[in-house]
Amino acid sequence: MNLEKTNSNLNIIKYQNTENIFEDICIIIDSAQNYAYKSVNIALVERNWLIGYRIAEEELKGSNRADYGVEIIKKLSKELTKEYGNIFISRNLYYFLRFYKMFPNILNTLCSKYNNLLSWSHYRTLLQINDEKARNWYENECIKETWSVRTLQRNISSQYYYRLLKSQIKEPVVKEMKEKTNDDLLNKLEFIKNPVIAEFLGFSPEQSFTESDIEKSIITNIQKFLIELGKGYAFVARQLHIHTEKEDYYIDLVFYNYILKCFVLIDLKTSKITHQDIGQMDMYIRMFDELKRGEDDNPTIGIILCSDTDEDIAKYSILNGSEKLFASKYSLYLPTKEELRAEIESQKAIFNMQQQEKSKK
């Protein structure tokens, strides 16, 4: 049986015998991953478009369509998240509805555009653009130039389309864009790292795809350390995924303190704390206070841990609260900076000893 002739008509997974078994198997693996990505992607795009289409159909039944649409999405979100998880929160259902309205004909061309179809993350990013001409241009450039989602977002944020329109000499603008987005190219496993794809395939959204071994070790032991303090900590989530309109974020650890009656968020940084890190934590806190905080809950607390090799520190952050409140109440139940610093240093020492033992074997 000649597999090369048989497979040439299937156009699914490439197979050829070049007398180099390693290279041939690499081609099989890469081809299979590419096919898997395309298959999952087309299903995601079709699913989300159809959900948007169905919501739009239901929306037309109401006399006041806008208000009726809001009620439909609220009810659907409650029922769907209970059945299928947080991927179907209200915000995402609005994305699906907006997707259908902005790309009303995409379903009719799915088959013909199979090889050129953008990922759902690309389309979700394109939903930011209200200017139809600009949106169509970015879509076509994504397909033609195989832009990653990060490159697309960077170009939208930097007004790349409008800068090109105004530039009489376009080459320097294009060159600059390519230089700045050179590091955004997708790697072979980018599709499985994508949280949207991971959730679609049923993988845990709490799994981290970017942590180093030492980060994992510190976070795991900080989690145990806080529970063992016995000061009212209940574990909520690890690597909690938060998606904004433009970015995906992961909060390393989330606890609820039932004595303080508030959420406690913990984020680990492997370099010195920056203003951006504090701003990001403040964003997390605002989101939790808006989306998760109950009527009787106190303001959310954020703790940023820094595992810099020169100095191990902790930075506390709290919005909508006062220093007096923090000093008189919260400080009784939060670990001190000295305790956190000692724990981080201890875990780093243990990790280094383990690595030394491994190297001797």
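The table below gives the values:
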read-out	value
Mean projection area, nm², convex hull over Cα of the stretch 217-262	3.7
Pairwise Cα inverse-distance average, inverted: Kirkwood Rh of the stretch 122-174 (Å)	11.3
Rounded to the nearest 10 Å², the accessible area of ARG54 at probe 1.4 Å	120
Accessible area of LYS144 in the full protein assembly, 1.4 Å probe (Å², nearest 10)	130
Probe 1.4 Å - accessible area at GLU57, Å² to nearest ten	80
For the stretch 216-226, 3J(HN,Hα) per residue [Karplus equation, 6.51 cos²θ - 1.76 cosθ + 1.60, θ = phi - 60°, Hz, x = Gly/Pro]	4, 4, 5, 4, 4, 7, 5, 4, 5, 4, 5
Solvent-accessible ranking of CYS142, CYS26, largest area first, probe 1.4 Å	CYS26, CYS142
Pairs beyond 29 Å (Cα-Cα), from LYS74/LYS261; LYS216/LYS337; LYS74/LYS180; LYS133/LYS178; LYS101/LYS180; LYS224/LYS269	LYS74/LYS180; LYS101/LYS180
Protein-only accessible surface order, largest first, of PHE99, PHE22, PHE88 at 1.4 Å	PHE22, PHE88, PHE99
Neighbour cut-off at most 15 other Cβ (10 Å), DSSP loop, chymotrypsin sites (Phe, Trp or Tyr not before Pro), the stretch 113-159	TYR114
Residues VAL236 and ILE13, FRET efficiency given R0 of 41 Å [Cβ-Cβ distance, rounded to 0.05]	0.50
Relative contact order (percent, whole number), the stretch 32-99, Cα cutoff 8 Å, 6+ residue spacing	37
Stretch gain in nm, segment LYS75-ALA36, where the contour uses 0.36 nm per residue and the Cα spacing is subtracted	10.7 nm
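The values are calculated or read from the model by the stated rules, or taken from the named source; none is laboratory data. Bear in mind the structure is a predicted one, so any value in this text is a computation, not a measurement. Note that we place each Cβ from the backbone using ideal geometry, even for glycine, and neighbour counts take in every protein chain shown. With ligands, DNA and RNA removed, areas are computed over all heavy atoms of the protein, side chains included. Shrake-Rupley method; radii C 1.70, N 1.55, O 1.52, S 1.80 Å.
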